[in-house]
Each structure stands twice: as structure tokens, then as C-alpha cells.
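See structure below.
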Amino acid sequence: MKERSGNNLSPLPERIQGLSELANNLWWSWNREARALFREIDTLTWRRTRHNAIEVLHRADPARLAECASNRSFLDRYDRAVAALHHAVDRGPTWFHHHHAQLSSHTIAYFCAEFGLHNSVPIYSGGLGILAGDHCKTASDLGVPLVGVGLLYTRGYFDQRVGPDGWQQDADEVLDLTITPLARVLNASGEPLTVSVRACDRDLHIGAWRLSVGSVPIFLLETDLEQNHAEDRGLTHRLYAGGSDLRLRQEWLLGVGGVRILRALDIHPAAWHANEGHSSFMLVERLREAIVSGLAWDDATESVRETSVFTTHTPVEAGHDEFGHGELTACVGPIWEELGVDREQFLDLGRHPENRDVFHMTATAIRLSASVNGVSRLHGQVTRRMWQALWPDRDEAQIPIGHVTNGVHLATWMAIEVMSVLDEVMGDGWDARRDDPDLWDRVLDVDPAKLWGVHCRLKHRLIDYVREEARQRWRTQWPESARVVGAGVLLNPDAFTIGFARRFATYKRADLVFSDAERLRRLLTNPRRPVQIIFAGKAHPADEAGKQMIQDVYGFASDPAFEGRVTFLEDYEMHLAHRLVQGVDLWLNLPRPPLEACGTSGMKAALNGAPQLGTVDGWWAEGFTGENGWAIPQVPEDHESPDQHDADYLYGLLESEIVPLFYERGDDDVPTQWVRRMQHAIAEAGRNFTSRQMMQRYVHHYYVPCMQAATNRTKRGRPSPEPVRSRSS
């Protein structure tokens, strides 16, 4: 496979030419040595570019690079980083090879509508994308032979601006490929590789870019090509933009185009993972391939099902895509002809038992996947209840939907300073031994004063960052002083700091803490025990209720009665997320149960020693131990107002237990009992809620059975579907 980089870095001194290779593989973003290299080249540029290695090299003074090329300490670190990258990319002895050596030559395809890997590649909107990014990073760490497939949104999700009235404004910003590690995929002739898909009665041409994530390649599809119809060129501009018609066409090109790109690259996966219903057309395209290659409908369906995994991420009905039958057939054409069935049998793939007039993407994926899972234990239960109608003769407990609780990528989300503290009690190289659950007990041996000191430095760094961002926005955008106050310039690095950062959807209840504004005001402005809350997050561009919630929070942030102790930070993205989960004292998570599928932001905060206060939903239903945070219990069934119940419990915990515990100090000014909660938060998250544990479960219980099914099919002499070009393309 040939590639052409989109960034065209200038030549580097010969001794450190490998910096280009490092910068063009996002592996550097979670490796301590590599991150330190780029920071050392130019610390100021490193900070101003929000840790973008490509941009650091673009802007580097040649004299400084020459100096680095002759610095012994820099070169030692450089040699270690380059050697480690080569080891990661070449897949030396790995966890996967150790456990499943006979399957190492197989490939797993992982389809997702968004990937959150680094803020320099803004093709994600929130939790689904960040989870997908952590999934791919972990696959690289463990040597799992994964390949990702997604879409290249050249204008990203959207840049958030909040107007003077607090209303969210959506802005476009075109992705500058020269400061990303993306490389265009070329064909054998050195021209951009393309495949075509028939959509809306015309050929849709699709190109691909490769994003390297350690040993895992992610292929991102784009349609902004000269040979495409003008209307089609913008299909991959924006993530989740436009209406149902645009979403349908994006999902069609992701699923069908993604399969065809892999075939064009001679990649033939043994296992296929559809991460959320957006990817369901990948299963349909493989069904078409199987039938065109000669399999009968039942055998073709079986061949697709037994090699497919489907993960659903939301218990909220509105989060599942569905399309009208007329809308669907106008986009995909008479595909049933190639499937050898009539129109109604094709539409039956996506029929919802309770709404037979739509093509439901989740229903399609469930029907065409032998392995289906939710993303926490509680979400698995809710999902079985949601989809019991597909198995009307079975009890809920017998519905074949399992769960794999999400996890977060430790090396991405845990602050380096916290890792360094753990080095002292867990020993050098503890990352290679962290599958041992007993290892995490050593976190309780960390010197409380040392852990507290590290946390205070991270907290000061967060507050400094917030203030500097507010300064820059005031200088360039905001003449109004009230907006500067709401942006955090009055935050106190010594005050108890609560973080709430997530998508602003009504069920996540960002406004619950304001249910009794006067009671909250007294809590925040207590001169002896001050409290401050930092909010961040975006509402979907079409979510008016979510935007109203942002406006309400922004109003409190600008209200002088709260003395600048409520802050709303604009344009929430990965770089800001790192600062927040590493710097706040307490993480707040208040979804209305059981509407939170998992809620991984609390895991990220916990890895950095921030306990969570949350409702018993998502991961917290299995992660809360009584020592690593606080839980708001389930609302009694006969309670008239669940929101009021949760708000009262929230205030009570903060007033009587949480805030007093934080300010309970010894002679050394260390809140020893609070630090004990921090230690338990780190230990529980590290032991049970990292993406390493998540990936191992996917491999053992989902991927390996799929790969074995593909192998067994070949051994039985039953033909596997071969890639066959659609007649309609």
C-alpha cells in the first residue's frame, strides 16, 4: 500500500530524522518518552499548539533542531522512543500473540462513525468517538490485529462559541491537513485510491486517508473529490450534520464504502465489529457479497452473523437511527435484486417490531450479528429489555445480548505526574504487570502528602490554563467583562473544585445542581470552605433543549451572586478534557437512571485521583465501592419527583460530608482522609475500568469466536463470501 502524507514536513537533521516517523504515528501521544521529546524541542510551541507534534516540527527553528541533534540526553531519549515505536508497530511479542498465536495472521475490522484519538484530528463529537480511539490504542498496546474504518470529517463536528446571551453558536473550521498525521492512500499507480458506491442514482467516488495508531491503521473515507457530484462532495464535511437524508448517505458510504476500501487494499477480515448502529450497512454489504458470490440467503446470513460483533452504546430511543422506507430505497436503490429477495424481505432486515414503517439500524445490526453487547452491566440489562420484542418467545434474561463494560486508555488519560508517583510504589515497568489485580492495592501505600502535592500542581495547572484561555478570548472576542468572569478568571486554585464535562443532553442533568439556587449559592460562597464548579460540553446542533441548558448554566456563571464560582468553558475537546479530569477535586455525573450507558469521563477522573459523585447508573452501578466516591441512591418508586430527590441528596452529601472532608486538614495541610478516597479511586479504576480489561474481554468472548468461526467455515469446506463488485456500482 502506498501513501502520501498530508503534512509534508521539512527535512530534519539526519541524526533525528525519525522524529518525522514518530510525529506521523499517534502512538507518540500516549508514550512518555515521545511526548517529552516534542515538549523539549520547544515547550512554548508545545503548549500553544495543544500538544501537536506535527505542528511543533513545522514551527521548529532549524538551529534548535540542530542543537537537539547534538544533545546527548535528547538523543538517548530519542533512540529509546524510536525503538519503542518500531517494537509497537512491528508487533513483537504481544499479549495477543501469547494468548492466541494461531490467530495472529487474522484481521479484525472495527467500523465506527467517529474516532477520538487526539485533538489535532477533530473527527469526534464525544463519548462514542473517544471510546473508539481508546479501543484502537489498546489494540495496538496488546497486539490485537485490528484495522479501523471511519469517515474523514474535514470540518469536524463543530466549534462551539457561546454568545453574550449564553446561546450556543456553531462555527465551522476547516481541518488543516498539514498539521495532522493523515496520509492519503494511493493505488499501485501512485494515484489516490478510490472505490465507488451507487447512491441516489449516481456513482459516489470514495477516497481514503490512513491514520496510524501504533500498529493499528485507521482508514478514513472522504468524498470531497473532483469526480463527485457537487452535492456529494460535502457528504464527509461535517460529523452528524444536516438532517436524516445526509445521515443516511453518510452511513451508506461508511458501511458499503468501508468494506470496498478494505477489499481494494487486499484486507480480508475474519471478524467484523460494528460499533453502534451507524455502521450497520457494513453488514448489509457483506451479505450482498456473500450472495453474489454464490451463497444462498440462509447460508450467506449465517456467514455474516457468525463473524460479526455489534455494540450498542445508548439506552435512549432517540439515539438509534431509523430511516423511512422511501428515503432508504431512494438512497440505496434496488439492492434486494442483488440479494435475491424482494423489497419487503430486504426491508425486514431493519424492521422494528413496534414500528414496522422504518428501517432501524440497530435492529439490522442485531439481526446480522451473532454477538451483541451493551457497554456496562446495567446497560446490558436495559438493552435486553429494549430489544425483547425481537425474541417474543424468550424471557428477558434469555435474550442473547451481553455486556462489556467500557474502559479508558490509561496512558492517554492518566497524568504523567500521577504515573510517576505510582512508579515509586508499583515499580518500574508496572504497566506490563497491571493485569495483576493485587498490584493496584499498592496505590494505597502512596505517601498521602506526595499524592496531594501532585494533585495540587495539576489543579493549579488547570486553573492557569482556564485563566489564560479566558485572557485570550477576552483579548480577541469578548469586550464584555461579565463573560470573562463566567470563563473562569476568578477561580481559586485552593478552593474545592467540582468538574462536570460532557454532552449537554437533558437526561445528563447539568442543571440539577441549580435546582435550589440559593442553597447552592450558600455552599459555593462559604468564605471558610469555598466551592467552585467548572462546566464544559456541547449540545448537539439540533438539540434545542440542550442549548437551553447551556444558556441556563451560563446565566449562573455570569451572575455576580455566585462570585465567579461557576464557570462554563467553551469548545470542549480532548485537550481541555485532559486538563479537567487531571485537575478537578471531584467529578460530578448526574444522569437520570437508567439512561447513561456507561459514562467513561468518571473513569478518567478516577485514574487521576478525582472521586466521583454520581447517580447509580452506567459504570458507577458496578464501580462504586463506598470508598472511591459517593453515590446518589435509586429513587423510591413512589417518589413524586425523582429530580427533586436526587437534588436534595446531592446537596446533602456536599454540605454534610464531601466538602467538610475535603477541608479537614492536619498540621501538614494535607486532607488525609480525602486523599484516601483519591487512592481508592485510582486503585479501583486501574484494576477494573481501563480499556485494557475491556479489550481483553472483547478478544476472549467476541473476537476470537468470530475468527474461529471463519476458520472453521473454511475447514468445513463451506465457501466464505468473496469480494464481488456490485452490478450497481
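The values are calculated or read from the model by the stated rules, or taken from the named source; none is laboratory data. No experiment lies behind these values; they were computed from the predicted model shown. Here the Cβ positions follow ideal geometry from the backbone for every residue, glycine too, while neighbour counts run over all protein chains shown. Just so you know, the surface numbers come from the protein's heavy atoms only, side chains and all, with ligands and any DNA or RNA stripped out. Shrake-Rupley method; radii C 1.70, N 1.55, O 1.52, S 1.80 Å.
Run down the aspartates and glutamates and flag those whose C-alpha is under 17 Å from the C-alpha of Lys715, throwing out any fewer than 8 positions away in its chain.
Result set, ordered by chain and number: Asp299, Glu302, Glu306.
Treating only the Cβ atoms of Lys and Arg (+1) and Asp and Glu (-1) as charged, compute the dipole magnitude of the chain about its Cα centre; round to the nearest 20 debye.
The calculation lands at about 1500 debye.
So for the chain, taking the charge dipole from beta-carbon charges (+1 Lys/Arg, -1 Asp/Glu), which of Ala84, Thr154, Ala370 sits furthest toward the positive end?
So the residue furthest toward the plus end is Ala84.
Considering all projection directions equally, how large on average is the shadow of the alpha-carbon convex hull of the range 480-560, in square nanometres?
So the Cα hull casts an average projection of 5.7 nm².
For the range 271-421, what proportion of DSSP beta bridges, expressed in % and rounded to the nearest 5, is antiparallel?
Of all bridge pairs located within the range 271-421, approximately 30 percent are antiparallel.
Can you give me the relative contact order of the range 152-215 as a percent, contacts being Cα pairs under 8 Å and 6 or more apart?
Contact order relative to length: 24 percent.
Kirkwood Rh over Cα pairs of the range 607-705 into Stokes-Einstein at 37 °C, 0.692 mPa s: D in µm²/s?
Calculated translational D: 210 µm²/s.
Sorted by average packing, counted as other Cβ atoms within 10 angstrom per residue and highest first, what order do 81-90, 666-675 take?
81-90, 666-675
Take peptides 170-179, 36-45, 308-317 and line them up by average Cβ neighbours within 10 Å, highest first, as a rough protection proxy.
The densest-packed peptide leads the list: 308-317, 36-45, 170-179.
Can you tell me the alpha carbon radius of gyration of the chain divided by the globular rule-of-thumb value 2.2 N^0.38 Å?
0.95
What value, in deg cm²/dmol to 500, does the helix sum -39500 (n - 2.57) over DSSP H runs of n ≥ 4 give at 222 nm once divided by the residues of the chain?
Here the helix-only value at 222 nm equals -11500 deg cm²/dmol.
Using only the Cα atoms of the range 214-281, what are the Rg and Dmax in Å?
13.1, 36
So how much accessible area does Trp252 have, in Å² to the nearest 10, using a 1.4 Å probe?
Roll a 1.4 Å probe over it and Trp252 shows about 10 Å².
For the range 109-223, what relative contact order do you get, as a whole percent, if you take Cα pairs closer than 8 Å and at least 6 residues apart?
25 percent
Could you tell me what percent of the accessible area of the range 494-599 is made up of carbon and sulfur, with a 1.4 Å probe and every protein chain present?
Summing carbon and sulfur atoms, their accessible area is 48 percent of the total for the range 494-599.
Convex hull over the Cα atoms of the range 279-356, averaged projected area in nm²?
Projected over every direction and averaged, the Cα hull of the range 279-356 covers 5.7 nm².
Ranked by accessible surface with a 1.4 Å probe, highest first, in what order do Asp245, Asp321, Asp638 come?
Asp638, Asp245, Asp321
So in the chain, what percent of DSSP beta bridges are antiparallel if you round to the nearest 5?
40 percent
In whole Å, how far is the Cα centre of the range 612-652 from that of the range 147-220?
Rounded to whole Å, the Cα centres lie 40 Å apart.
What accessible area per residue comes out for the chain, rounded to a whole number of Å², with a 1.4 Å probe?
Using a 1.4 Å probe on heavy atoms only, each residue of the chain averages 37 Å².
Once you have the Cα-Cα distance between Ser189 and Thr672, take 0.36 nm times their residue separation minus that, and quote the gain in nm to one decimal.
My answer for the length gained is 167.3 nm.
What are the ³J(HN,Hα) couplings of the range 443-458, residue after residue, when phi is run through the Karplus curve with 6.51, -1.76, 1.60 and θ = phi - 60°? Round to Hz, x for glycine and proline.
Each residue of the range 443-458 in turn: 4, 5, 8, 4, 4, x, 5, 5, 5, 5, x, 5, 4, 4, 5, 5 Hz.
For the chain, what does the relative contact order come out to in percent, with C-alpha contacts under 8 Å and a separation of six or more?
14 percent
Please compare each pair in Lys137/Lys450; Lys450/Lys604; Lys508/Lys547 to a cut-off of 18 Å on the Cα-Cα distance and tell me which ones are over it.
Lys137/Lys450; Lys450/Lys604
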